[in-house]
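Asker: Sharing a structure, written as structure tokens. Questions coming.
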Amino acid sequence: MRNSISLEFVNESHAIDLAKITCNDAISKTSGVPPQCDEATVREWVQKNSSEPRTQITFVIIIDSKVAGCCVLKRLNIAERTAELSYWLGVDYWGKGITHEAAALLCDFAFDVFNLTSITAHFLKSNNAASGRILTKLGFVPDADKSDLPVADRFAHLAPDVWTFVILTRDKWLSSQQSTGWSIVSKNSNNST
């Protein structure tokens, strides 16, 4: 049983642990994590967190002081008040409700701090239905502006699967009473921000 879950801004201290987790092909099979992800890729995530303009923010999921995965705000557009949610979790942590809890923390943070109007996400309809269930539980609904998209490129081997696009609005989030009282730990600090 886990004692605590938190999100930390990804930093250099996470690189080795994240690389150990992400080298599992089961993670890259259905996520944006590249196959055989390594420390160099993780260090790129760290650099993107501090680049300007900031269009992506990667958070490390911490369970009982251990690195367990990542939650990411991608395509962050402050002017349009939108972002895309992405996440992945180490295989040892699958099926324990951790991703839902971490994604809820990040949605709460994003709607509160960035005053977003909506967050989008997508998932593999057949090969990652668990992710679809997580998003539905968070309140995401099908994105009426986007149709399912057949898999391609490095995901082509999963055909005839499709990417399904979903959206969560700020109003729906605030009315869902899922507010977490988010706690994000900044890099180089043990204090909540």
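The values are calculated or read from the model by the stated rules, or taken from the named source; none is laboratory data. All values reported here derive from a predicted model rather than from experimental measurement. Ideal geometry is used to build each Cβ from the backbone, glycine not excepted, and the neighbour counts take in all protein chains shown. With ligands, DNA and RNA removed, areas are computed over all heavy atoms of the protein, side chains included. Shrake-Rupley method; radii C 1.70, N 1.55, O 1.52, S 1.80 Å.
Asker: Does residue 21 fit the bill of being out of contact with any Asp or Glu (no Cβ under 7 Å at 6 or more places or on another chain), open to solvent by less than 10 Å² (accessible area, probe 1.4 Å) and of a type outside the set (Phe, Trp, Tyr)?
Answerer: Taking the combined requirement at face value, the residue does not satisfy it.
Asker: Checking residue 32 against (1) open to solvent by 30 Å² or more (accessible area, probe 1.4 Å); (2) at pLDDT below 85; (3) farther than 25 Å from residue 127 by Cα, which test does it fail?
Answerer: Exception for residue 32: condition (3).
Asker: How many residues does the stretch 53-83 hold that are under 8 Å from the mean Cα position of the chain (by Cα) and open to solvent by 60 Å² or more (accessible area, probe 1.4 Å)?
Answerer: Of the residues in that region, 0 qualify.
Asker: I'd like to verify a number: residues in the stretch 132-172 that are closer than 16 Å to residue 82 by Cβ and of a type in the set (S, T, N, Q), how many?
Answerer: 1
Asker: Just to be sure, is residue 11 surrounded by fewer than 20 Cβ atoms within 10 Å (Cβ to Cβ) and touching a Gly at 6+ places or on another chain (Cβ under 9 Å)?
Answerer: no
Asker: Then there is this: Could you pull out every one of the helices (runs of 4 or more DSSP H) wholly within the stretch 84-193 that has 1 or more residues that are among the aromatic types (Phe, Trp, Tyr) and either modelled with pLDDT of 95 or more or open to solvent by less than 60 Å² (accessible area, probe 1.4 Å) (or both)?
Answerer: Filter on the stretch 84-193 gives 98-113, 170-175.
Asker: Which pairs do you get when a residue that is on the phi > 0 side of the Ramachandran plot, found in the stretch 24-44, comes within reach of a residue that is part of a loop (DSSP other than H, G, I, E, B), reach meaning Cβ atoms under 7 angstrom, with the pair 6+ apart or on two chains?
Answerer: 36/23
Asker: Here's something else I'd like to know. Could you grab the pairs with beta carbons closer than 9 Å, sequence gap of 6+ or different chains, first residue in the stretch 53-76 and in contact (Cβ under 8 Å) with a residue 60 or more places away in the chain and under 10 Å from residue 10 (Cβ atoms), second one open to solvent by 10 Å² or more (accessible area, probe 1.4 Å) and of a type in the set (D, E, K, R)?
Answerer: 59/8
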